[in-house]
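These notes are about the structure you will find just below.
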């Protein structure tokens, strides 16, 4: 019964966590989800602390509580608390942005923390209890935990399309009650079976849009704002790990960023697709050629002025949607479309009848040998600036520019548009990334291949495979791009031969800020002082590689105070930034961790029953090392497997299965294996730092199946090794139930803190920095293991 | 232990001390608050057009906000008015009005009547004001409130502001009170030569830039005026 209970609690709590992340992604923002879920996970650690107190109060509790009835009751309590937490959270009028303005919001936030931590507390209690009760079988307890968690990580991916977020969460919460028909006397078994079957039937009958379980997007998101229009409705919803897609029909959807004010005719009718309630992609009805006219007046059409009637166009879409009308309006001979979400790709294909591929952009480019006259990337990012600072995106790295340039014909053009931000930040990064991408290709004068134009709210980067002067041909002033920009009332930001008066002619700022900064940047590159430029710039605008792919990250910690003052010293504005939220969460988490670990110290160590300090630090180090290692692979595999959440579920699933096997193997090992395994892990991590990035890039062009299988297989050795130190330490380095429950708490606290630090390390220093932290964690564990006393009675 | 009568007396005293003093709520004219608003929130931030300041001093903002939050009508932030809409911060109303460079003879079109307050302020500066609201409930309420407050000359219409008001075009000025990603082409077509169009740019709940477009023959110039930061409203408020 103990192992089954541990398996079910682990399965359900991990699936619950993954689904909460999905629900928050829709109802709030990614970084705010991170804020609540991270702290709720302290419930695991708190369970160890509570059981430590229990041990001080009552001896033999572990034997009593590991009986069938208490375990069944615990699983029931878990199900009730998890379901209640979801329902309360779904109805809580929690509004993060009002936190600094309305004190009641702090109470709501505290409520969210508390109600969400209870199911994790109960699940953690079941697992912690198992370690305390099955001292001689910690490897098998570990196996049950990890295999349950692995299944829990994979279930949402498989069943989300069938049930949607809310309904699947109900099933997941009820899953541990599957034990009811198997324990107790016959009449209780029959009753248990009836209760379980009734609850499942009730959940199955619940409509996905029932107010109790329907997940509504944040009122700040584009979908909520669109739904406020009359005669506007959602006509279809598809859920998956890659995101929830809502299809919205409305006579009032009119989306055309970058549209020239010279355009005076009507817009075609549009349908919008929203991913997670935001990131709008629009499908334009094209019933007649005139419906495409508007596209010729958008800033992105600049590429088609350079290459009229192009042979082949590749539209890489991650939002927007105007790229397709642009390509169609130009009279392109062939247009190919790529979108990473299979459901969106299917809708695009159905709507336009163009060849459409469902793949991540980098994955598509790596697998294709075709060359295109125009590559049009449309990726506008989140509607709230800063909210996507933690999100990995491989569309804008220097490596991505290399991939785009590899797929351009000799006179081909790459084009991408973004929101115009002030002060200039991502415009500088885009320009620099294009420059370095061209330079890496061996282009002698990269600056002659780059142009940048803007209107009043968007900016467009144009990168040409051949020098732009040569492409421009004959025109009244020698540059058709400038003539067209003037005709459309657009301004130039960068052209190698532009004059300053064209920089602030139609769309006037107090000063031509973007032009000035990019001129200064170009001059820095010419002088070889670009590093100094980026150091001195108040925002983080340096180009990023695939090792640090966070295009939304623009804050510099050293400039936070200046930024805070520039936003009117209003704290809520800072909460829009993912990075600031991570900092706040870390401080909160550190306080909670210290409280949890300090509270039982007096009780644990009072009667001389406590373990050594080195033992506690061993489990802190192992907990941190494991989480850093896991987070590294989750982030590194986002490129390989095409989406951060696919990577999250896949890496956790594979790594935990292999760790489970490692835990089982540890049953055959003795004390002497601990330092050896830790050294092997350190060696393996060193090998990973050296070779994994190249390996992933080498595999990018493979079929999806091959990438999934080989990627998972690569996790086998590290997973096995990761599974051993904890279970072996639990069995051989600790001597009493109280020590084990406290070690469980220490391990849980370290895991939460490491997960938060991983986010900060990745955005600030790059993904490999996380692995550096993992190595530090395991090196510390190695040192602590050497200092720990061994209990000879516990050796195999 | 305190006696019961003493406790009752204590609570009565608290009730007396905290009860509103002076005019009944409906009869208050908030003149003092309005003058204070203009001085502290508007003039101090650089709005100096006498006509605009006069309109801001005379327009009873409290008559355009829901009763429940009437006390906050002259505070330095926007307020929810229902249907997911807000009444803008007083400073933004004044700034947008000033930037339109209106005279008594101007004909001005507002897209998004909302509470009707902005239209009332415009009517204090220009004689000919047209306002369109897409939400019927808001349109009806605003039309009624405008009449009650003595602004019956404002022409209101329930409809899609994207297409403007062709029968009344051309306009000297157009004001869009909702954030958009592009300026509706039909509105530009209804602007006189030299006419001005102002709108907030950005997410309605975060940073916005005020943008002023001016028609010059067949060309347009767009001027970025200032960054504004709107205080967000709760989801609860949005659903009222």
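On the basis of being within 14 Å of another protein chain (Cβ to nearest Cβ) and in a helix (DSSP H, G or I), does residue B:197 make the cut? Against the criterion (within 14 Å of another protein chain (Cβ to nearest Cβ) and in a helix (DSSP H, G or I)), residue B:197 does not qualify.
Would you mind stating whether residue A:617 is modelled with pLDDT of 85 or more, more than 20 Å from the chain's Cα centre (by Cα) and either farther than 21 Å from residue A:768 by Cα or assigned to a helix (DSSP H, G or I) (or both)? Judged against the criteria, residue A:617 is a match. State whether the residues of region A:203-220 include one that is within 14 Å of chain B (Cβ to nearest Cβ) and more than 19 Å from residue A:87 (Cα to Cα). Looking for residues that are within 14 Å of chain B (Cβ to nearest Cβ) and more than 19 Å from residue A:87 (Cα to Cα), one finds at least one in region A:203-220, hence yes.
Scan region A:70-79 and give yes if some residue there is under 22 Å from residue A:12 (Cα atoms) and either under 29 Å from the mean Cα position of the chain (by Cα) or within 14 Å of chain B (Cβ to nearest Cβ) (or both), otherwise no.
Filtering region A:70-79 for residues under 22 Å from residue A:12 (Cα atoms) gives A:70-79.
Add one more test, that the residue is either under 29 Å from the mean Cα position of the chain (by Cα) or within 14 Å of chain B (Cβ to nearest Cβ) (or both), and what stays is A:78-79.
Yes, region A:70-79 contains at least one residue that is under 22 Å from residue A:12 (Cα atoms) and either under 29 Å from the mean Cα position of the chain (by Cα) or within 14 Å of chain B (Cβ to nearest Cβ) (or both).
One residue alone among A:676, A:707 is in contact with a helix residue (DSSP H, G or I) (Cβ under 8 Å, 6 or more places away or on another chain) and modelled with pLDDT of 90 or more, and that residue is A:707.
Only one of the numbered conditions (1) surrounded by fewer than 17 Cβ atoms within 10 Å (Cβ to Cβ); (2) in contact with a helix residue (DSSP H, G or I) (Cβ under 6 Å, 6 or more places away or on another chain); (3) within 30 Å of residue A:412 (Cβ to Cβ) is not met by residue A:264, and that is (3). For region A:504-538, the set of residues classified as within 17 Å of residue A:436 (Cα to Cα) and in contact with a strand residue (DSSP E or B) (Cβ under 8 Å, 6 or more places away or on another chain) consists of A:518, A:519, A:522, listed by residue number. Looking at region A:245-289, which of the residues that are within 14 Å of residue A:348 (Cβ to Cβ) and part of a loop (DSSP other than H, G, I, E, B) is nearest to the other protein chains (Cβ to nearest Cβ)? Looking at the filtered set, the residue picked out is A:285.
Determine whether region A:689-700 contains at least one residue that is crowded, with 22+ Cβ neighbours inside 10 Å, assigned to a helix (DSSP H, G or I), on the phi < 0 side of the Ramachandran plot and in the same structural domain as residue A:134 (by TED's automatic domain parsing). Steps first, please.
Of all residues in region A:689-700, those crowded, with 22+ Cβ neighbours inside 10 Å come to none.
No - not one qualifying residue is present in region A:689-700.
Scanning region A:527-564 for residues that are outside any loop (DSSP other than H, G, I, E, B) and either free of Cβ contacts under 8 Å to residues at least 40 places away in the same chain or closer than 20 Å to residue A:397 by Cβ (or both) yields a count of 15. Could you tell me whether any residue of region B:207-218 is surrounded by fewer than 17 Cβ atoms within 10 Å (Cβ to Cβ), at pLDDT 85 or above and facing chain A (nearest Cβ under 8 Å)? Yes; the residues of region B:207-218 include at least one that is surrounded by fewer than 17 Cβ atoms within 10 Å (Cβ to Cβ), at pLDDT 85 or above and facing chain A (nearest Cβ under 8 Å).
Here is a check on your reading of the model: is residue A:240 at pLDDT below 85, within 24 Å of residue A:645 (Cα to Cα), part of a loop (DSSP other than H, G, I, E, B) and in contact with a helix residue (DSSP H, G or I) (Cβ under 9 Å, 6 or more places away or on another chain)? Criteria not met by residue A:240. Scanning region A:112-126 for any residue that is surrounded by 21 or more Cβ atoms within 10 Å (Cβ to Cβ) and farther than 18 Å from residue A:13 by Cα turns up nothing.
Somewhere in region A:80-98, is a residue at pLDDT below 85, assigned to a helix (DSSP H, G or I) and either surrounded by fewer than 19 Cβ atoms within 10 Å (Cβ to Cβ) or over 25 Å from the mean Cα position of the chain (by Cα) (or both)? There is no residue in region A:80-98 that is at pLDDT below 85, assigned to a helix (DSSP H, G or I) and either surrounded by fewer than 19 Cβ atoms within 10 Å (Cβ to Cβ) or over 25 Å from the mean Cα position of the chain (by Cα) (or both). Among the residues of region A:229-244, not a single one is within 14 Å of chain B (Cβ to nearest Cβ) and crowded, with 22+ Cβ neighbours inside 10 Å.
Listed here are the residues, each with its yes/no results for (1) buried (at least 24 other Cβ atoms within 10 Å of the Cβ); (2) assigned to a strand (DSSP E or B).
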| residue | (1), (2) |
| --- | --- |
| A:296 | no, no |
| A:304 | yes, no |
| A:308 | no, no |
| A:313 | yes, yes |
| A:316 | yes, yes |
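Residues in region A:127-159 that are touching a residue at least 12 places away in the same chain (Cβ under 8 Å), surrounded by fewer than 23 Cβ atoms within 10 Å (Cβ to Cβ) and within 22 Å of residue A:341 (Cα to Cα): A:154, A:155, A:157, A:159.
The values are calculated or read from the model by the stated rules, or taken from the named source; none is laboratory data. It should be emphasised that the depicted structure is a prediction, and the values quoted were computed from it without experimental measurement. FYI the Cβ positions are ideal-geometry reconstructions off the backbone, even for glycines, and counts take in every protein chain you see.
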